[in-house]
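Okay, so here's the structure we're looking at.
The values are calculated or read from the model by the stated rules, or taken from the named source; none is laboratory data. Bear in mind that the values here come from a model prediction, so they are computed numbers and not experimental data. Methodologically, a virtual Cβ is constructed for each residue, glycine included, from the backbone with ideal geometry; neighbour enumeration extends over all protein chains shown. Keep in mind that these areas ignore ligands, DNA and RNA; they rest on the heavy atoms of the full protein, side chains included. Shrake-Rupley method; radii C 1.70, N 1.55, O 1.52, S 1.80 Å.
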Amino acid sequence: MRAHPHDLIISQRPLLQIPSHWGLGFLEVEMAGRTQMVFLNENATIFCKIPGFPHLDINSMGITWFRKAQLSEIEIKLFEFFGDHKVAFRPGANVSPWRLKRGDASLQLPGVQLWEAGEYRCELVVTPQKAQGRVWLEVVAHPVSSLFLERAVVKDNEDKHILCKSSGFYPEDINITWKRWTQKDPQFQEISEDVITGPTMKNKDGTFNITSYLRLKPSLEDNVTIYQCVVWHVSSLMCQSFNFTPILIGYVWGMGNMKLKYALCVWYKGFVWVICICLSLYGLLLGWPKGSFVFFHKMALLALSCL
């Protein structure tokens, strides 16, 4: 089962704590490490918690969330809440008042998009104190991959390509490798020759796609050979593996053409022999003229002599 995006935290360092002292009190906020990963088009919760304040009076406090895009020094206000004043500058942005009373000022964002990656700042005021915390939000997208042959069935000695295509992933970096399994080797072995991996191409929605080709030189042994495409991307906890076994028809319609014709001929003559025997016995039981019995019997002997 895939982990929930809110649980995917890249940094394993302790929770970030940024205190501020105003007056005699002490206030701090805890963020989800330095970096938090969320998935494209899914709902995200950007953590900002207030330890040591299990019961807060939300009428005497305020919370403001900001976002700063990568390579930009300009902060954009996303959400603010002060007493009866509550405004979401980003559609759908929200901090739950019920959770806020219990020390949780986490920001909820529905349907996160790629452009929303960046630095998020949680600014908290509990009169007369103030504290803030920052976290980098990384938006990723899973690759959707498929493995197929240029043609579903190939002829013996006819070179073809197996295609491994991945699309809809973000960020751009991705790794595709090829492996092969045969009866002679019980382990998958990586293939380094006859592999061509094209450049990553950008889709209209900002995600990327890529196609890798493996040139296949089929032989009759390939009917028991498994080819595997392995895709790794930062958005996945594990590599994606796709297997393919080509179906060769060279033996049946090439080298085995005469054997197939002979098999069909034997089957047909055997069928005629059975029919003739059945008719002759059937005629004998019903009292057909002796000539009919002799005719079918001779036809059966003729079919049997050709087998």
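Among residues that are part of a strand (DSSP E or B), farther than 26 Å from T200 by Cβ and at pLDDT below 95, Q132 is included.
Restricted to segment 54-92, and to residues that are of a type in the set (S, T, N, Q) and open to solvent by 90 Å² or more (accessible area, probe 1.4 Å), which residue is nearest to A117 (Cα to Cα)? Write out each step before concluding.
Of all residues in segment 54-92, those of a type in the set (S, T, N, Q) come to 59-60, 64, 70, 72.
Of the ones still in play, those that are also open to solvent by 90 Å² or more (accessible area, probe 1.4 Å) are 59, 70.
Values: N59: 31, Q70: 8 Å.
Taking the candidates together, the pick is Q70.
Going by the structure shown, is S167 hydroxyl-bearing (S, T, Y) and open to solvent by less than 30 Å² (accessible area, probe 1.4 Å)? It is false that S167 is hydroxyl-bearing (S, T, Y) and open to solvent by less than 30 Å² (accessible area, probe 1.4 Å).
Put simply, of R121, R102 the only residue that is closer than 30 Å to P54 by Cβ, at pLDDT 95 or above and basic (K, R) is R121. Selection over segment 104-116 of residues that are surrounded by fewer than 19 Cβ atoms within 10 Å (Cβ to Cβ) and either over 21 Å from H142 (Cβ atoms) or among the basic types (K, R) (or both) gives a count of 2. From the list F47, F26, F53, pick out the single residue that is modelled with pLDDT of 90 or more and among the aromatic types (F, W, Y). Unique residue meeting the criteria: F47.
Any idea which of E150, E138, E119 is surrounded by fewer than 14 Cβ atoms within 10 Å (Cβ to Cβ), under 25 Å from G168 (Cα atoms) and among the acidic types (D, E)? Break it down stepwise before answering.
Values: E138 fails: surrounded by fewer than 14 Cβ atoms within 10 Å (Cβ to Cβ); E119 fails: surrounded by fewer than 14 Cβ atoms within 10 Å (Cβ to Cβ).
Unique residue meeting the criteria: E150.
Considering only segment 58-69, state which residues are of a type outside the set (D, E, K, R) and either without any contact (Cβ under 8 Å) to a residue 40 or more places away in the chain or in a strand (DSSP E or B) (or both). Steps first, answer last, please.
Initial filter on segment 58-69 (of a type outside the set (D, E, K, R)): 58-66, 69.
Of everything in segment 58-69, those that are of a type outside the set (D, E, K, R) and either without any contact (Cβ under 8 Å) to a residue 40 or more places away in the chain or in a strand (DSSP E or B) (or both) turn out to be N59, M61, G62, I63, T64, W65, F66.
On the given criteria, is V95 under 30 Å from K202 (Cα atoms), crowded, with 18+ Cβ neighbours inside 10 Å and of a type in the set (V, I, T)? Can you show your working first?
Numbers: under 30 Å from K202 (Cα atoms): no; crowded, with 18+ Cβ neighbours inside 10 Å: yes; of a type in the set (V, I, T): yes.
Considered against the rule, which asks whether it is under 30 Å from K202 (Cα atoms), crowded, with 18+ Cβ neighbours inside 10 Å and of a type in the set (V, I, T), V95 comes out as no.
Whenever a residue of segment 45-57 is under 7 Å from S106 (Cβ atoms), its partners that are at pLDDT 95 or above and surrounded by fewer than 17 Cβ atoms within 10 Å (Cβ to Cβ), lying with C-beta atoms within less than 9 angstrom and at least six residues away or across chains, give the pairs T45/Q108; I46/Q108. Please determine, by comparing only the residues of segment 192-210 that are among the aliphatic types (A, V, I, L, M) and loosely packed, with under 15 Cβ neighbours inside 10 Å, which one is nearest to I162 (Cα to Cα). Filtering segment 192-210 for residues that are among the aliphatic types (A, V, I, L, M) and loosely packed, with under 15 Cβ neighbours inside 10 Å, the one nearest to I162 (Cα to Cα) comes out as I196.
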